[in-house]
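None of the figures in this text is laboratory data; all of them are computed from the coordinates on show. Since the model is a prediction, treat every value here as computed from it, not as a measurement. Glycine gets a Cβ as well: all are built from the backbone with ideal geometry, and neighbour counts include every protein chain shown.
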Amino acid sequence: MTSVSGKTDPVVRRITVADIVEALSEGLRDFQAVPLYGVVFGALYAAGGIAIMLCLLGLGLVYLAYPLAAGFAMIGPFVATGLYDVSRRRENGLTISVAAICSSVRSRGEIGWMAFVTLFIFVIWMYQVRLLVALLIGLDASFSSLQEFMTIVLTTNEGLLFLAVGNAVGAALSLMLFALTVVSFPLLLDRDVDFVTAMITSVRAVAASPGPMLGWAAVIVMLLAVSAIPYFLGLVVTLPVLGHTTWHLYRRIVVPVDTGAT
């Protein structure tokens, strides 16, 4: 089988729950070995979430605060690209520095296209929330606080329907994005492939091991949700551990090619 660029497609292995547990252990060791990079990436991710949340509150769009917190994990795979490179460099005995990481990411132009796909799906998620608010709660609905919005959502039939439909749509979008990105970002960083091939490989990886991969998706959602509760601050630790783990999981899923590290 060949990719869009005419090259041979990456070979995908089946994995088990044991592979995920081992990858998580290795990801934790990477974070412990070079914690500064992980903390910086995690802090930037958390700061981004806090800044967007404050903007929404300032603009009176408090009803978008909950879906933002729920959907913010969608852009995590892109934000964690630098962490994949930290793990890649540790694995290959290469120098780890900000300049080296930035150079690696910039040299992989297809990562930009993959980032566009990620952000596009995130925007769709946010807009469908506004659409559901208009359809189910009302175009003229206004909320003075997040507490008022949550009260309406949890105590009215329209609010409960909004919550059910919104969560169902969000789960579908998150699952689709997980399938497209769980392998694609580290693959694009590791090899010279196009982003379409990377997405196809990622979907193939999920299809090859649906149970373990869906289990991993559930772990990611649970950890990010818990981390986002204290004003996104838990992401300072959670994001780097998940990022490093994703790299090691990728190495178990995609059969390596002896091309040499760069």
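Points worth noting:
- 10 Å Cβ shell holding at most 16 others, DSSP loop, trypsin sites (Lys or Arg not before Pro): longest site-free stretch of the chain: 15-262
- Cα pair distances exceeding 16 angstrom across segment 198-255, given as percent: 50
- Pairwise centroid distance, computed over Cα atoms, of segment 147-189 with segment 105-139, Å: 12
- Basic side chains Lys and Arg get +1 at the Cβ, acidic Asp and Glu get -1 at the Cβ, and with that the dipole of the chain about its Cα centre reaches some 400 debye.
- If the chain linking ALA43 and VAL21 were pulled fully straight, counting 0.36 nm for each residue of separation and taking away their Cα-Cα distance, it would gain 5.4 nm.
- Per residue Cα convex hull volume in Å³ - calculated over the chain: 129
- Leading residue at positive end of dipole, the chain (Cβ point charges), from SER202, PHE122, ALA134: SER202
- Computed over the chain, the per-residue total of -39500 (n - 2.57) for DSSP H runs of n ≥ 4 gives a 222 nm mean residue ellipticity of -24000 deg cm²/dmol, rounded to 500.
- Segment 214-236 versus segment 16-86: alpha-carbon centroid distance in Å: 8
- Mean projection of the Cα convex hull over all viewing directions, computed for segment 154-262: 8.8 nm².
- Once the Cα-Cα distance is subtracted from the 0.36 nm per residue extended length, the ILE229 to THR156 segment shows a gain of 23.9 nm.
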